[in-house]
């Protein structure tokens with residue numbers, strides 16, 4: 001039987017590396033583990049963590065194709081981060097001029113959540129623990 005231990009990381013390709021790097025580090029507060037420029041691919045790879053947990057790889061490539069549009073295109077739907085308080089998260093995002101959707105309540109769990117878009121429009125969810 002196949003046994004999975006946990007999600008190792010999620011990979012995201014961005015259209016503007018500098019903008020996305022700032023968003024994921026300065027706005028969302030992920031920590032840089034490693035940053036590598038791969039000359040042969042004209043591509044950056046940025047490894048990011050939440051605390052000591054490696055979670056995200058941010059890639060840049062020359063002229064990547066556009067992501068299929070929302071709301072229900074096949075493939076990765078959104079990134080979701082657990083937070084202690086959705087309201088506090090929304091307030092912190094507003095300090096970076098990032099507007100969140102109205103806070104909603106999960107009908108099954110009763111927990112609060114909201115969404116924003118990253119610089120390329122990838123939906124990012126904040127889900128209250």
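Every read-out reported here was derived from the displayed coordinates using simple, explicitly stated rules and does not represent laboratory data. Every value quoted in this text rests on a predicted model; they were computed, and no experiment measured them. Quick reminder, even Gly has a Cβ in these numbers, built from the backbone with ideal geometry, and neighbours come from all protein chains shown.
Observations on the model:
- Across all Cα pairs in the chain, the calculated P(r) in 10 Å bins from zero up to the longest distance comes to 11, 39, 37, 12, 2 percent per bin.
- Mean-square fluctuations from a GNM of the chain, with a 10 angstrom spring cutoff on Cα atoms, peak among 111, 45, 21 at 111.
- Length-normalised contact order of the chain in % [C-alpha pairs under 8 Å, at least 6 apart]: 21
- Residue-averaged 222 nm ellipticity for the chain, from DSSP H runs of 4+ at -39500 (n - 2.57), nearest 500: -3000 deg cm²/dmol
- DSSP beta bridge pairing in the chain, given as percent antiparallel to the nearest 5: 65
- Centre separation in Å (Cα based) which lies between the range 15-62 and the range 79-129: 21
- Shape of the range 1-62, Cα gyration tensor, a/c cut at 1.5: oblate
- Label zone at residue 63, where the point sits 7 Å out along the Cα-to-Cβ direction: the range 1-15 residues whose backbone N lies under 19 Å: 13-15
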